[in-house]
Structures are given as C-alpha cells and as structure tokens.
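Worksheet: the structure to be examined is printed underneath.
The values are calculated or read from the model by the stated rules, or taken from the named source; none is laboratory data. Fair warning: this is a prediction, and the values are worked out from it, not measured in the lab. Please note: Cβ atoms are built from the backbone with ideal geometry, for glycine as well, and neighbour counts cover all protein chains shown. The area values use the complete protein model at the heavy-atom level, side chains included, leaving out ligands, DNA and RNA. Shrake-Rupley method; radii C 1.70, N 1.55, O 1.52, S 1.80 Å.
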Amino acid sequence: MASSPGGGSGTRVHVVSDVHGNAADLARAKEGADALVCLGDLVLFLDYADHSRGIFPDLFGTENAHRIVEMRTARRFEEARDFQRGLWAGIGVDRATAIEKAVRKQYAELFAAFPTPTYATYGNVDVPPLWREYAGPGTTVLDGQRAEIGGWTFGFVGGGLRTPMRTPYEIDDEEYAAKIEAVGEVDVLCTHIPPEVPELVYDTVARRFERGSTALLEAIRRTRPRYSLFGHVHQPLVRRMRIGATECVNVGHFASTGRPWALEF
C-alpha cells in the first residue's frame, strides 16, 4: 500500500488515477480508508504496455494496435488518424455508436466497483455525459467543484487540455482556467492533469511531454493548497515535488499498479 506523510489517527483518503479498466483492484481501493478519490481516466481505449487490451484491439486486433502505438509514439498523428479512418471504413460500422457501446460496457463494470464514498472527477479519455447514468448514490462526481472530507476542503477539476491526440474530454485553456478559479482556495487540489512543470509532465516511456496546466501551476503558487494531487502522466520523470508550500504528487498509474496513494490527516 502506497502511503503519504502524515500518520495522524484522523482521516485516511485513498487516491487513484488512470484506472483504465482495472475494475478488480478498484473494488478494493478503499480498504482501510474513509473515502476514495478518483482522478479519472476510467476508460481503456488502448493499453500502450499491452497492445492486446482495450477497445481498439477488441475491434481491430493486436497487430493494428501495434501499428497505431508506433505512429503515435513517433508523433505521426495525422498518419495515425488516416490509418484509423481506413480501419473503420473496413469494418463498416458507425464509429461513434461502436465506441459508445464499448465505453458503456466498461463504465457499467467500473462504476459498480466504486466503493462508498467515492469522490471522482473526469480524465481526458472519459465521456462526462455518460457518468451521470452510471454513478450510484455513493459516488459524487465533481468538476470545478469542492467537497469536504474529514474536515479538509478538496477541490476537483477534471479533463485535459487540447492535444494532437484529440481524446474525448479535452477543453480549451480558458475553460480549464475558469474551473480552477471556481474551485478557489482548498486544502487539497485534485486534478487529472499535472501543473505545467517539465519534470512532472514528461513521460519517460512515451518519451514526450504531456500537457500540464499553467493555470493550475499559478493557482498552486497563489492559493498554496497543502497538496496538489494528479495523474495523467503514467511514467513521470518526477512523481512528487514541492512548489512553495504545496506538496505536488502524481498518485500513480493505477491500471498497472493496482495500488492507491494514501493521504492521512
């Protein structure tokens, strides 16, 4: 079990991000804690570590998954999109309908695995309109909103910023900044993407800089939360660092580790 500094006898919160289909470990993620916080990316479209897993290989096979990963890793995004268009034309089904059906199947399993209480926000590969259908009474979905857990105020901002990957929940910088502003001063600032700091946004396996948020970085410096918690970068160069008074932590790639990060206060 991963753990954080603290060690008090009060409240323990477990935090996960980048679940990507790992329902079995998700069902156990709250064990020993008072609450679970999920920072998004429930859907598994394509597993870059195991190309046989996810919606894409289920539809088009592992060999085509190998090819699409190769193109994306080389940042040949237009070539990858053209390749995908050809695959969809070849199977003769409506792309949006097929993807929604597959996402719904994953969401049904994953939301059923959420323990009570869970506080969750969206990742960049999630489909927010569907969350309202699957979130049970024990799951509170927040985006640009706050919640009190154990006497501390937690702020939640979901989604990612625009990238050439064009994942489902990418938004403009201005919209993202407005959500950060709406959250205001909190004890724990929970986001899917990290602040825009090179060491926190660089993925050592994908060998690229992911998009972080400058608005988030500015809010951390201005409002000084105790913690900034995030995921998104699966194999970061640095997993945690201090920015002023704030401990910034990448809580880990839950799909591969199956272990939550623990916060005690």
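Some notes on this structure:
- Of the GluC sites (Glu not before Pro) in segment 145-193, the ones in a loop by DSSP (not H, G, I, E or B) with at most 13 other beta carbons within 10 Å are Glu185.
- Residues in segment 192-265 average 42 Å² of solvent-accessible surface per residue, probe 1.4 Å, ligands and nucleic acids excluded.
- Take each peptide in 36-46, 87-97, 193-203, 130-140, count the other Cβ atoms within 10 Å of every residue, and average; sorted highest first, the result is 36-46, 193-203, 130-140, 87-97.
- For segment 17-168, the per residue solvent-accessible surface stands at 45 Å², with DNA, RNA and ligands left out and a 1.4 Å probe.
- Relative to the longest principal axis of the Cα atoms of the chain, the long axis of helix 77-91 makes an angle of roughly 60 degrees.
- On the chain, 49 percent of the accessible area sits on carbon and sulfur atoms, based on a 1.4 Å probe.
- 17 Å reach of a label modelled at Met165, 7 Å along Cα-to-Cβ, counting backbone N of segment 227-265: 230-238, 250-257
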